[in-house]
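Below is a structure I'd like to ask you about.
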Amino acid sequence: MNRSAKNQISKYPYIFIAPAVILLIIFSIIPILIAFGISFTDMDLKGLANWSTVDFVGLKNFKELFQDEVFLKSVYNTLFYVVIGVPLVIISSLSVALILNQGTNWLYRTFRGVYYLPSITNIVAIAVIWGFLYNTDYGLLNYILTELGLGKVPWLQHPTVAKISLIILAVWKGIGLNMIIFLAALQGIPKTYYEAAEMDGANRFQILFNVTLPLLRYATFFVTVTTLIAWMQFFEEPFVMTEGGPLNGTMSIALFIYQEGFQYSEFGYAAAGSFVLFAFIIAVTLIQFKLRKSDTEY
């Protein structure tokens, strides 16, 4: 093969990935760089229309952020969501996938659709339904508790209970997508591993912990990384259900950034908050990849 033919072939990979790279640069890299620059300014709605009114303020926005009680509260709430919500989503979706992987008849296929449906349902519709369920006076959950002789629960009125209520909602909504990933990984495990384990006399629990879970490590790692990033940006549930209340008890970092930027028009301040969140996500993701390198290869 001559040199010109080799050069032509070597260009093909770049041609195929070029559209994705261009879109990534236009819609991700450039906005990140612009937001980073804005985070060092006092830009507001007036400055958006007239750039001459925008002043460079250095690290002032970042210093104020870590003295802002609402922002610190949002950091605490986000950690609360992540620490409780992420393990719940992963364990729940894995459990559902393991159960639904036991068969392929119409009943199993139906339940796959049932569990996946919430992940593609509009969050506003979900908020309406769960709003009725969580209603203190007329909600179904409190009706059942009352019938059982238990007291009513202030699902969305108490700060800590409201956080747990949003976690329950988000876990219910998040099971479907992760379940599909785990199901695909489970169906990719060769049957010969299970046959060999059964011939060795392994019971169901030994097969689960010594064959299935180790062979799901790549899927588990992917689900863990993506779920953690999603929960670090927890926004929709507190936005439509509580708007961050009561007493900022459900305020997440993402919701704080939205309110500062689009409700109070403090674009510089909101951009600084977004970069703090960006730093948190990068740090957590790097830690996960660092831990992943020490994983045992099979």
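The values are calculated or read from the model by the stated rules, or taken from the named source; none is laboratory data. Just so we're clear, the structure is a prediction, and the values are computed from it rather than from any experiment. Using ideal geometry, Cβ is built from the backbone for each residue, glycine included, and neighbour counts are taken over all protein chains shown. What goes into the accessible areas is simple: the full protein's heavy atoms, side chains included, and nothing from ligands, DNA or RNA. Shrake-Rupley method; radii C 1.70, N 1.55, O 1.52, S 1.80 Å.
Which one of these does TYR143 not meet: (1) under 26 Å from the mean Cα position of the chain (by Cα); (2) farther than 21 Å from GLN233 by Cβ; (3) not charged (D, E, K, R)?
TYR143 satisfies every listed condition except (1).
Still on this structure, I have one more. So VAL54 ticks every box in (1) touching a strand residue (DSSP E or B) at 6+ places or on another chain (Cβ under 6 Å); (2) surrounded by fewer than 17 Cβ atoms within 10 Å (Cβ to Cβ) but one. Which box is left unticked?
It is condition (2) that VAL54 fails.
Please tell me if LEU247 is in a helix (DSSP H, G or I) and either touching a Pro at 6+ places or on another chain (Cβ under 9 Å) or not aromatic (Phe, Trp, Tyr) (or both).
no
With the condition kept exactly as written, say whether any residue in region 221-241 is open to solvent by 20 Å² or more (accessible area, probe 1.4 Å), among the acidic types (Asp, Glu) and within 14 Å of the chain's Cα centre (by Cα).
Checked region 221-241: at least one residue is open to solvent by 20 Å² or more (accessible area, probe 1.4 Å), among the acidic types (Asp, Glu) and within 14 Å of the chain's Cα centre (by Cα).
From (1) at pLDDT below 90; (2) among the aromatic types (Phe, Trp, Tyr); (3) surrounded by 14 or more Cβ atoms within 10 Å (Cβ to Cβ), pick out the condition that doesn't hold for TYR12.
(3)
Hey, can you tell me all the residues within region 199-225 that are in a helix (DSSP H, G or I) and free of Cβ contacts under 8 Å to residues at least 24 places away in the same chain?
MET199, ARG204, PHE205, GLN206, ILE207, PHE209, ASN210, VAL211, LEU213, listed by residue number.
Being among the polar types (S, T, N, Q) and under 26 Å from GLU243 (Cβ atoms), is that true of even one residue in region 107-114?
The answer is no, given that none of the residues of region 107-114 is among the polar types (S, T, N, Q) and under 26 Å from GLU243 (Cβ atoms).
Can you name the residue in region 257-269 that is over 15 Å from PHE66 (Cβ atoms) and open to solvent by less than 30 Å² (accessible area, probe 1.4 Å) and, of all such residues, is nearest to the chain's Cα centre (by Cα)?
GLN259
Counting only residues that are open to solvent by less than 100 Å² (accessible area, probe 1.4 Å) and hydrophobic (A, V, I, L, M, F, W, C), which one in region 60-77 is nearest to PHE40 (Cα to Cα)?
PHE62
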